[in-house]
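Quick notes on the structure that follows.
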Amino acid sequence: MRTGIRHLLDAFAADAPGRAAPTGPVERRGGPIPVGGVLRRLACPAGLLVGDAASAVSPLTAGGLDPCLRMSELAAAVAAGYVRTGDQRMLSRYDGHALRSRFRGRLLLRRVFAGIRSPAAAEAAVTLLRGRAGRALAARILFGDGSFPVVNPQLVDQAIDRSGQ
């Protein structure tokens, strides 16, 4: 793979049967996955961020699929409304501020662990998390039903209503 994987994929796609040529410009972007809770700005006229791209991922648990699925209904409703109406105010319904509130526990836990500087303190913190109470706390914050914000069904309904459905 001296020319890189992108070149190999492009060469493979060019020979794939039934593949139509792009009808417009093709743009590719890439970069690191942001972490630290859902980004505040998730939508603009050029596109919406969902899942890992929206920073709805846990580097500890590698949990990006569940948040993506939870966000996708609202993202789809907002995108459909925007495409139907062309009203940029529609995009404000897909707001990271509303989703960030449920990350308080996760962000607090991250700050606590980021503040640990000595190996002895780190060992003590891990020992606490291995206990019954620590496991329950970590499970609730990292894996429980409240570990990622549930998208408010009213926001989806409002987005659909505003789009004229």
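The values are calculated or read from the model by the stated rules, or taken from the named source; none is laboratory data. Just so you know, these numbers come straight off a predicted model, no measurement behind them. No Cβ is skipped: glycine too gets one built from the backbone with ideal geometry, and neighbour counts run over all protein chains shown. Side chains included, ligands, DNA and RNA excluded: accessible areas come from the protein's heavy atoms. Shrake-Rupley method; radii C 1.70, N 1.55, O 1.52, S 1.80 Å.
Looking only at the stretch 28-47, decide whether some residue is assigned to a helix (DSSP H, G or I) and modelled with pLDDT under 85.
No - not one qualifying residue is present in the stretch 28-47.
Read through the list (1) out of contact with any Lys or Arg (no Cβ under 7 Å at 6 or more places or on another chain); (2) within 14 Å of residue 42 (Cβ to Cβ); (3) at pLDDT below 80, then give the number of the only condition that residue 159 fails.
(1)
Say we look at the stretch 51-61 and pick out the residues that are of a type outside the set (Gly, Ala, Ser) and open to solvent by 40 Å² or more (accessible area, probe 1.4 Å); which of these is modelled with the highest pLDDT?
52
Going through 93, 89 one at a time, which residue ends up being of a type outside the set (Ser, Thr, Tyr), over 19 Å from residue 143 (Cβ atoms), open to solvent by 40 Å² or more (accessible area, probe 1.4 Å) and in contact with a Leu (Cβ under 9 Å, 6 or more places away or on another chain)?
Residue meeting the stated conditions: 93.
Which ones in the stretch 1-27 are of a type in the set (A, V, I, L, M, F, W, C), open to solvent by 100 Å² or more (accessible area, probe 1.4 Å), more than 26 Å from the chain's Cα centre (by Cα) and modelled with pLDDT under 80?
Selection gives 1 alone.
When the residues of the stretch 107-125 are narrowed to those that are open to solvent by 80 Å² or more (accessible area, probe 1.4 Å) and at pLDDT 90 or above, which ends up nearest to residue 140 (Cα to Cα)?
123
Residue under question is residue 100, and the condition is that it be assigned to a helix (DSSP H, G or I) and either of a type in the set (Lys, Arg) or under 21 Å from residue 33 (Cβ atoms) (or both); does it hold?
yes
Need pairs with beta-carbon distance below 6 Å; first residue within 14 Å of residue 48 (Cα to Cα) and within the stretch 65-91, second open to solvent by less than 40 Å² (accessible area, probe 1.4 Å) and of a type in the set (S, T, N, Q); sequence gap 6+ or separate chains.
Hits for this filter: 80/163; 81/163.
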